[in-house]
Amino acid sequence: MTAFVFNEINFDNHEQVVFASEEKSGLKAIIAVHNTHLGPAMGGCRMWNYATEAEAVRDVLRLSRGMTYKNAVAGLPIGGGKSVIIGNPKTDKTPALFEALGEALERLGGRYVTAEDVGTSPADMANVASKTKYVAGLGDRGDPSPFTALGCFVGAQAAIRHQLKRDSFDGLTVALQGLGHVGYDYARRLHAAGAKLIVADIDQAALQRAQDELGAEVVGIDAIYDVQADIYAPCALGATLNPDTLSRLKAKIVAGAANNQLATADIGEACRQKGILYAPDFVINAGGIIKVCYEYLNTPEDGMEAHVRRIGDTLTEVFSRADAEGLPTSVVADRIAEAKFKK
Ligand code: NAD
């Protein structure tokens, strides 16, 4: 087992990986602390019905490492970590489960701070908070999604300036996949800025609303890859940039909120070769973690929106360096992060 963890591609010098369990509640959790050079590790707690423990280990290591990169590039005084609870979020949740997680976090003494993620909710985090103060984003001060959407919007602005040499969205078409918490707000901003929207979702009510309120054109969930658009905005699933979709996309810019958009690392280079400007996901979608971090550290919130808007400047730096060095934007973004957290 140990050999398996240390040899995992995303183990990547994790400082600490803790297997936490508690008999009465049935808690089985893995807490991964990737890097704390910039501050306590922060990243959400995912609850998922993993088929195997190995799958849970792989997921937590990948996500935890990703948080180090995201938090560093966002200029936050926090490191990267993540936790997963093995279990079905629909049937296995109890307050005691999250209280037991809180006790496990307390034993880590603040090296890792958790928050809501896939399969967990602000109510679950309130149960965690009954046992520890090392929990952020309790939901009492609002949803981080609008800030993620703002980051995507300023990121798309940076991308059109760089790639299309223009400031305005007037006359541009955005193919937007996923009209959820982030996607709808991002769509609203794009519409207000003059963009035409082509949208896809599995939620018919969200599609109807986008048609009625934003004049969006609706296409099927697979057809979104084939439409004539200037920007592709993935805001639903991961791994939507792959050899198949790259051969179909007409857009010259990818700017969306979804995590882990590249199916494999080499797709970053494939985008570059196809002349597609890819806004690296962990740079453009950091608005939410910026908000959560400000709340947790009690940083005066008057500077928060400006901090989120700096995502645009960071992306401009990524795009320019990628051009100058002949590298994929994904590689340049990794290097910018590493220069910060490896110090
Ligand atoms: P959400 O669950 O609110 O929205 C996802 C939307 O995608 C839903 O409307 C859903 O119906 C739709 N969808 C599901 N499958 C689809 C498919 N096959 N084709 C098209 N649409 C589909 O999630 P969210 O909070 O808006 O997050 C969206 C993405 O952004 C996720 O990948 C998430 O990890 C990432 N992200 C979110 C935040 C945040 O602040 N919420 C921060 C960083 C990253």
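The values are calculated or read from the model by the stated rules, or taken from the named source; none is laboratory data. This one's a predicted model, so the numbers in the text were calculated from it and none came from an experiment. Counting neighbours? That spans all protein chains shown, and the Cβs are built from the backbone with ideal geometry, glycine included.
Of note:
- Entry remark, segment 99-123: residues being within 16 Å of the ligand (Cβ to nearest atom) and either in contact (Cβ under 8 Å) with a residue 40 or more places away in the chain or under 27 Å from H37 (Cα atoms) (or both) number 7 in total.
- Restricting segment 286-316 to residues that are assigned to a helix (DSSP H, G or I) and of a type in the set (V, I, T) leaves a set whose member that is farthest from D167 (Cα to Cα) is V292.
Rundown of residues vs (1) more than 15 Å from the ligand (Cβ to nearest atom); (2) at pLDDT 95 or above, yes/no style:
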{"residue": "V283", "(1), (2)": "no, yes"}
{"residue": "E295", "(1), (2)": "no, no"}
{"residue": "A306", "(1), (2)": "yes, yes"}
{"residue": "I311", "(1), (2)": "no, yes"}
{"residue": "S320", "(1), (2)": "yes, yes"}
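- In this structure, G79 does satisfy being within 26 Å of Q261 (Cβ to Cβ), surrounded by 20 or more Cβ atoms within 10 Å (Cβ to Cβ) and either more than 14 Å from the chain's Cα centre (by Cα) or away from the ligand (no atom under 15 Å from the Cβ) (or both).
- Residues located in segment 273-285, provided they are part of a loop (DSSP other than H, G, I, E, B) and within 15 Å of A251 (Cβ to Cβ): K274, G275, I276, A279
- Test: residue in segment 259-267 that is buried (at least 19 other Cβ atoms within 10 Å of the Cβ), of a type in the set (S, T, N, Q), within 19 Å of I78 (Cα to Cα) and modelled with pLDDT of 95 or more: no
- Residue match in segment 237-253 (condition: under 18 Å from the mean Cα position of the chain (by Cα), of a type in the set (G, A, S), assigned by TED's automatic domain parsing to the domain that holds L172 and under 30 Å from E325 (Cβ atoms)): yes
- Beta carbons closer than 7 Å, at least 6 apart along the sequence or on distinct chains, pair a first residue in segment 178-201 that is more than 19 Å from G238 (Cβ to Cβ) with a second that is within 14 Å of the ligand (Cβ to nearest atom) and of a type outside the set (A, V, I, L, M, F, W, C) for D185/S145; D185/P146.
- If you check K70, K82, K131 for being touching a residue at least 24 places away in the same chain (Cβ under 8 Å), closer than 24 Å to R189 by Cα, of a type outside the set (A, V, I, L, M) and in contact with a helix residue (DSSP H, G or I) (Cβ under 9 Å, 6 or more places away or on another chain), only one passes: K70.
- Among the residues of segment 256-272, the ones that are assigned to a loop (DSSP other than H, G, I, E, B) and within 16 Å of the ligand (Cβ to nearest atom) come to 7 in all.
- Within segment 317-343, tally of residues that are of a type in the set (G, A, S) and not in a helix (DSSP H, G or I): 1
- Per the conditions (1) exposed (fewer than 14 other Cβ atoms within 10 Å of the Cβ); (2) under 28 Å from D334 (Cβ atoms); (3) of a type in the set (A, V, I, L, M), the sole criterion not satisfied by V17 is (1).
- For segment 222-234, the condition of being within 22 Å of the chain's Cα centre (by Cα) and farther than 27 Å from R309 by Cβ holds for at least one residue.
- Pairing residues of segment 274-303 that are closer than 19 Å to G79 by Cβ with residues that are of a type in the set (D, E, K, R), at Cβ distances under 7 Å and at least 6 apart in sequence or on separate chains, gives F282/K70; A286/K70; I289/K70; Y294/E301; E295/R141.
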